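Values quoted throughout were computed directly from the atomic coordinates according to the rules given, and no laboratory measurement underlies them. Please read these numbers as outputs of a predicted model, since none were measured by experiment. Don't worry about glycine lacking a Cβ; one is built from the backbone with ideal geometry, like all the others, and counts go over all protein chains shown.
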Amino acid sequence: MNLRFASKAASALALGLLLAAGSAGAQQQAPAAAPPAAADADKGTFLLTIFLKHDQSKSLEQIQAQLRSQGFYKAFPPPNIEVVSWYVMMGIGQVVTLRVPADRLREVNRAIEQTAWGGYRTEFYPTYDYKAVGEDLHTKAQAQ
């Protein structure tokens, strides 16, 4: 397993456990308002952004042939793993963000290891959705 990935994955899981423990303690101290329905759907999951960097020593046709022969398109993403976004980043490759149940992280990693390596170099980043917060801060700053 990629040591950088293992370290980042362990950090993400530890953060998730700390957040879960902290929210459980907060719920015991004071009743909280009902969370939005979307938060319930996200419970026990985290966002994982994967950079699939093209191996530029190969042509696109060679990369596609290798991915097909290794079963990439069949194995990735694993069944019932939500694809939040999947973009081509020109000059880099592809950037995929998945919503992953914590207990299925290994399955996602194995799908990449077994089917993407050789066609892509990979990087993994635990992420979170900051869009609403960023937009709110921008709106407040504009009002000042």
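Bridging of Lys43 to aspartates and glutamates at a Cα separation below 13 Å is possible for Asp103, once same-chain residues fewer than 8 apart are set aside. By the rule of a C-alpha distance below 23 Å, with chain neighbours fewer than 8 residues away ignored, the lysines paired with Lys74 are Lys53, Lys58. Per-residue Cβ neighbour counts within 10 Å put Ile92, Ile112 in the sequence Ile92, Ile112, beginning with the fewest. The fewest-to-most ranking of Thr139, Thr45 by surrounding Cβ atoms within 10 Å reads Thr139, Thr45.
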